[in-house]
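Beneath this line is the structure, given in structure tokens, with notes to follow.
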Amino acid sequence: MSHVDFRLQPRVDIEGRLPERALGRALARWVLGHGGSEALAALAARAAVAELRGDTALPPLPADEAAALRAEPLVGDGRVRTPFVLDAEGRFYLWRNHLHEGEVAAALAARLADATPLGMDEAELAALFPGGDPATDGAQRQAVRAVGGRRLVVLTGGPGTGKTTTVLRMLLRLLRDGIAARDGIAVAAPTGKAAQRLVQSLREEGERLRDVLPAAWAEHLDALPTAHALTVHRLLGWSPSRNRYSRDAENPVDAGVVVIDEASMLDLHQLRALLAALRPGATLVLVGDADQLDPVGAGSVLMDLVAVLEARESPALVRLRHSFRAVAPLVALNEAVRGGDPDALQAALAGSEGLARSFAVEDAGALARRLRHWSDALAADGPPAPLPAGDEAGAVAATALGGLAARQLLCALRDGPFGAEAANEAIECRLRQAWGVPADLAWYPGRVVMVTRNDYGARLFNGDVGLCLRDADGRLRVWFAAAGGEGVRALPPAALPAHAPAFAITIHKAQGSEYGHVAVLLPPDPEHRILSRQLLYTGLSRAKRSVELWAPASSTLAALVRRMARAGGLAARLAALAIHSPDANRDPHDPA
Ligand SMILES: Nc1ncnc2c1ncn2[C@@H]1O[C@H](COP(=O)(O)OP(=O)(O)OP(=O)(O)O)[C@@H](O)[C@H]1O
């Protein structure tokens with residue numbers, strides 16, 4: 001059923017209707033109480049609601065509307081503090097977003113301008129890629145060259161393109177140059193899970209390289225930051241009681257090289273805090289997939305930065321395109337979605353030899369049928385057997401936990417009949433039937449859950465996945481991968497922090513994870529606001545070997561054509577500032 005007509009005309013309401021929200025109404029009342037006009041009150045309410053959706057400003061207003069607003073005392077041009085700002089292009093801001101955007105743009109531009117590219121001996125570079133082939137790892141090598149002498153480098157690429165592999169070599173190069181060794185390295189990611197994955201990958205790849213690199217690199221391999229997985233919050237010294245970061249310009253992060261992985265999850269406010277807390281001379285490496293979903297908070301900083309650097313062909317940006325992990329048909333599929341090309345998507349599905357399939361799930365009945373198939377495949381091997389006694393239990397549990405990554409259902413929505421919650425209910429119901437689990441028993445061997453809130457005491461974090469297994473003595477316990485990827489540990493079900501079943505999870509929650517086989521469920525209403533190209537790309541690109549798309553053609557097309565672009569002025573400000581940046585100078589080694 002892979003042949004679907006994606007050329008149907010979409011009826012996507014891109015703007016949507018702004019819901020009235022209490023926050024917006026409160027702000028509007030405040031404006032009216034402080035001498036603002038009704039027009040300003042309405043705009044303020046819209047800006048507050050838009051911020052909740054991720055916009056840092058309202059899109060430029062028509063000239064006549066903007067002119068009238070400029071006369072209001074509550075509105076300024078950003079030079080002195082006023083509650084609202086209207087910039088030269090007519091974008092309307094809440095003060096703090098204008099301030100943060102300006103600071104982020106200025107700090108990024110300063111870092112880009114402060115570049116004295118350092119060359120690298122080509123033989124030494126080649127040594128870092130033993131047995132490599134410049135046809136596939138050319139961009140990775142370029143990233144290693146580019147990091148020398150720069151204060152900001154952005155490394156972007158899809159899943160499996162070798163971002164972490166490349167970061168490791170960039171760090172080795174900086175260690176060899178003496179920069180990282182002298183000033184220290186900090187690596188972090190926005191979520192605990194992503195931070196753990198990063199440190200684990202660096203450790204594993206570092207160990208692999210130890211056997212193949214010349215002995216002279218051994219001391220640099222020893223110096224790689226593989227001990228601690230830090231979230232960006234922790235890196236910046238977040239104090240919940242004081243509601244602020246302890247790291248800032250006066251008390252900067254103690255490192256000369258700072259790597260942030262999964263940087264697409266960074267919001268404007270976090271990036272501002274990060275930039276303010278770096279030593280001026282430190283090298284910042286932002287790593288992520290700029291085509292993935294925007295962060296939960298406001299702004300789309302990685303996407304904006306990549307767009308500006310790409311347009312300027314800046315050597316501070318390196319885009320990795322070759323996927324070393326996914327099978328070729330999936331690479332074609334992901335590229336088609338990334339490019340928003342319906343014909344290419346259709347061709348990729350048709351040419352995938354069954355590795356990528358589309359099912360027109362357009363109503364509750366069709367979804368129930370797919371969920372039955374899906375659940376039956378999960379149930380087929382029976383419930384997991386009780387663990388052996390003694391030390392062997394951990395190893396068996398680790399294998400079972402690892403097996404969870406074999407297949408995963410990803411839903412665009414959490415709530416409603418097409419959401420992850422309903423899908424979990426249906427799957428659990430079917431598994432209980434198949435495995436003979438009474439309906440009133442919440443826990444049973446084979447139950448999969450995901451932690452939904454950080455619990456530092458239990459050392460469990462939002463997004464950690466647990467598997468319920470029966471011990472040799474008959475007790476049920478939930479097993480998790482231990483922090484740092486070292487081994488596994490188990491907790492009684494009653495000791496778990498907030499959690500939810502995880503047979504189906506949202507695409508948002510799956511960011512940064514990969515699975516062998518993936519099914520992506522979209523809502524059948526093509527006008528649903530959640531549908532976007534980034535969402536579809538993020539969902540489909542979680543698959544390593546094969547993928548199913550559960551959606552009618554109209555929803556798929558709606559997602560494909562709708563590239564989410566958050567309103568804000570960061571890209572424009574960066575573009576304006578970057579014009580004066582000497583960054584346009586190219587590396588002596590840059591092939592372009
Ligand atoms: N130059 C290379 N030559 C051979 N294999 C490579 C190369 N670069 C990366 N790989 C392999 O590709 C796989 C993915 O690499 P890596 O984890 O670094 O990618 P990534 O972009 O960080 O992935 P993720 O999607 O997890 O963020 C790994 O198995 C890695 O060993």
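The values are calculated or read from the model by the stated rules, or taken from the named source; none is laboratory data. The structure displayed is predicted, hence computed values, not measured ones. Backbone-built Cβ (ideal geometry, glycine too); neighbour counts: all protein chains shown. Ligands, DNA and RNA are excluded from the accessible area calculation, which covers all protein heavy atoms including side chains. Shrake-Rupley method; radii C 1.70, N 1.55, O 1.52, S 1.80 Å.
Taking region 55-154 and the helices (runs of 4 or more DSSP H) fully enclosed by it, the elements with 1 or more residues that are without any contact (Cβ under 8 Å) to a residue 12 or more places away in the chain and under 30 Å from Pro214 (Cβ atoms) are at 122-127, 134-146. Scanning region 205-231 for residues that are touching a helix residue (DSSP H, G or I) at 6+ places or on another chain (Cβ under 6 Å) and surrounded by 14 or more Cβ atoms within 10 Å (Cβ to Cβ) returns Glu205, Gly206, His220, Leu221, Ala223, Leu224, Thr226, Ala229, Leu230, Thr231.
Checking Val75, Val80, Val85 one by one, the residue that is more than 16 Å from the ligand (Cβ to nearest atom) and touching an Asp or Glu at 6+ places or on another chain (Cβ under 9 Å) is Val85 and no other. The condition (being out of contact with any strand residue (DSSP E or B) (no Cβ under 6 Å at 6 or more places or on another chain) and closer than 22 Å to Lys193 by Cβ) is satisfied by just one residue among His220, His228: His228.
The set of residues from region 220-265 being acidic (Asp, Glu), under 30 Å from Pro159 (Cα atoms) and free of Cβ contacts under 8 Å to residues at least 40 places away in the same chain comprises just one member, Asp222.
The numbered conditions (1) part of a helix (DSSP H, G or I); (2) out of contact with any Ser or Thr (no Cβ under 8 Å at 6 or more places or on another chain); (3) open to solvent by less than 20 Å² (accessible area, probe 1.4 Å) are all true for Ala186 except (1). Residue check: is Leu521 more than 14 Å from the ligand (Cβ to nearest atom), open to solvent by less than 10 Å² (accessible area, probe 1.4 Å), under 9 Å from Ala559 (Cα atoms) and not acidic (Asp, Glu)? So Leu521 fails the test. Taking the numbered list (1) modelled with pLDDT of 95 or more; (2) under 21 Å from Gly512 (Cβ atoms); (3) of a type outside the set (S, T, N, Q) in turn, Arg459 passes all entries but (1).
Taken over region 328-354, the criterion of being charged (D, E, K, R) and within 16 Å of the ligand (Cβ to nearest atom) is satisfied by Glu335, Arg338. Of the numbered criteria (1) away from the ligand (no atom under 16 Å from the Cβ); (2) β-branched (Val, Ile, Thr); (3) over 23 Å from the mean Cα position of the chain (by Cα), the one Thr231 fails is (3).
In region 257-314, the qualifying residues are those that are among the small types (Gly, Ala, Ser), away from the ligand (no atom under 16 Å from the Cβ) and assigned to a helix (DSSP H, G or I), and the one that is nearest to Lys163 (Cα to Cα) is Ala307.
Being open to solvent by less than 10 Å² (accessible area, probe 1.4 Å), among the acidic types (Asp, Glu) and either modelled with pLDDT of 95 or more or closer than 26 Å to Ala139 by Cβ (or both) holds for only one residue in Asp289, Asp261, and it is Asp289. For Thr136, the test of being in contact with a His (Cβ under 7 Å, 6 or more places away or on another chain), among the polar types (S, T, N, Q) and at negative phi is passed. State whether the residues of region 143-161 include one that is away from the ligand (no atom under 16 Å from the Cβ), touching a helix residue (DSSP H, G or I) at 6+ places or on another chain (Cβ under 8 Å), open to solvent by 20 Å² or more (accessible area, probe 1.4 Å) and in the same structural domain as Ile179 (by the TED database). Within region 143-161, one or more residues are away from the ligand (no atom under 16 Å from the Cβ), touching a helix residue (DSSP H, G or I) at 6+ places or on another chain (Cβ under 8 Å), open to solvent by 20 Å² or more (accessible area, probe 1.4 Å) and in the same structural domain as Ile179 (by the TED database). From the set of residues in region 327-351 that are farther than 16 Å from Leu536 by Cβ and touching a residue at least 40 places away in the same chain (Cβ under 8 Å), which is surrounded by the most Cβ atoms within 10 Å (Cβ to Cβ)? Selected residue: Val327. Taking region 9-50 as the range and being surrounded by 16 or more Cβ atoms within 10 Å (Cβ to Cβ) and modelled with pLDDT under 85 as the test, the residues that pass are Pro10, Val12, Gly24. Just one of the listed residues (Arg319, Arg325) is within 16 Å of the ligand (Cβ to nearest atom) and part of a strand (DSSP E or B), and it is Arg319.
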